[in-house]
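The values are calculated or read from the model by the stated rules, or taken from the named source; none is laboratory data. Treat the numbers as computed from the prediction; the structure is a model and nothing was measured. Don't worry about glycine lacking a Cβ; one is built from the backbone with ideal geometry, like all the others, and counts go over all protein chains shown.
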Amino acid sequence: MDRTAARSRETAETTVEVTLDVDGDGDARVDTGIGFFDHMLESFAKHGLFDLTVDCDGDLEIDDHHTVEDVALVLGAAFADALGDKRGIRRFADRRVPLDEAVASVVIDVSGRPLFRFDGAFSEERVGEFTSVMARHFVRSLSTAADLTCHAEVTGENAHHEVEALFKALARTLDDATRIDERRSDTPSTKGEL
């Protein structure tokens, strides 16, 4: 089964190109113009075992919002494309991931019904050129574009750790939820579709 996708988006604010292999090795090539965001996307690929390329040329002279949001939307759409009818996937997953004093929790249902809930706050406004609250917005935008139900939570004392734990928890949860269950040949829903 080939679970790959390539998606792009071009607006007056950003140009984004993403390729994704859900069943990859964790290899990533990322260039968004925001060093910490690149690091988070590389970590996301590594811990989710997704092969990922992301190229984004965004209006960073304004701020990081459009770049982070549009990358999340394109990546979410790539997940939706790569998963197709979602036949055989596990569908549900949850993970808690620590990073020193910080802990992030992510619970996902690959449901076809986008919903996002978040509890917690980030201890510092910025990590490098990355605005900390954009981590929450990234997960929201990805969840919406991928049609996921996602509940996320973060606690800690250092924004770098909090954001990184959140990206790692999201990656591990998505990897678990999208894995093929060898016992299942159908779509995991009494409706017959997701």
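Of the listed requirements (1) free of Cβ contacts under 8 Å to residues at least 40 places away in the same chain; (2) surrounded by 15 or more Cβ atoms within 10 Å (Cβ to Cβ); (3) of a type outside the set (D, E, K, R); (4) more than 19 Å from A165 (Cβ to Cβ), A28 misses just one: (4). Kindly provide the set of residues from the range 107-130 that are surrounded by 19 or more Cβ atoms within 10 Å (Cβ to Cβ) and under 14 Å from M40 (Cβ atoms), ordered by number. The answer is F122, V127, F130.
Residues that are among the β-branched types (V, I, T) and more than 13 Å from K86 (Cβ to Cβ) were ranked within the range 168-190; the one that is nearest to the chain's Cα centre (by Cα) is T173. Scanning the range 32-61 for residues that are under 20 Å from E13 (Cα atoms) and free of Cβ contacts under 8 Å to residues at least 24 places away in the same chain, we see that the one that is surrounded by the fewest Cβ atoms within 10 Å (Cβ to Cβ) is E61.
In contact (Cβ under 8 Å) with a residue 24 or more places away in the chain, more than 18 Å from E42 (Cβ to Cβ) and either crowded, with 19+ Cβ neighbours inside 10 Å or over 14 Å from the mean Cα position of the chain (by Cα) (or both): does that describe L83? Answer is yes for this residue. Inspect all residues belonging to the range 160-171 and state whether any of them is of a type in the set (D, E, K, R), crowded, with 16+ Cβ neighbours inside 10 Å, in contact (Cβ under 8 Å) with a residue 24 or more places away in the chain and touching a His at 6+ places or on another chain (Cβ under 6 Å). Scanning the range 160-171 turns up at least one residue that is of a type in the set (D, E, K, R), crowded, with 16+ Cβ neighbours inside 10 Å, in contact (Cβ under 8 Å) with a residue 24 or more places away in the chain and touching a His at 6+ places or on another chain (Cβ under 6 Å).
All conditions but one from (1) assigned to a loop (DSSP other than H, G, I, E, B); (2) at pLDDT 95 or above apply to M1; the one that does not is (2).
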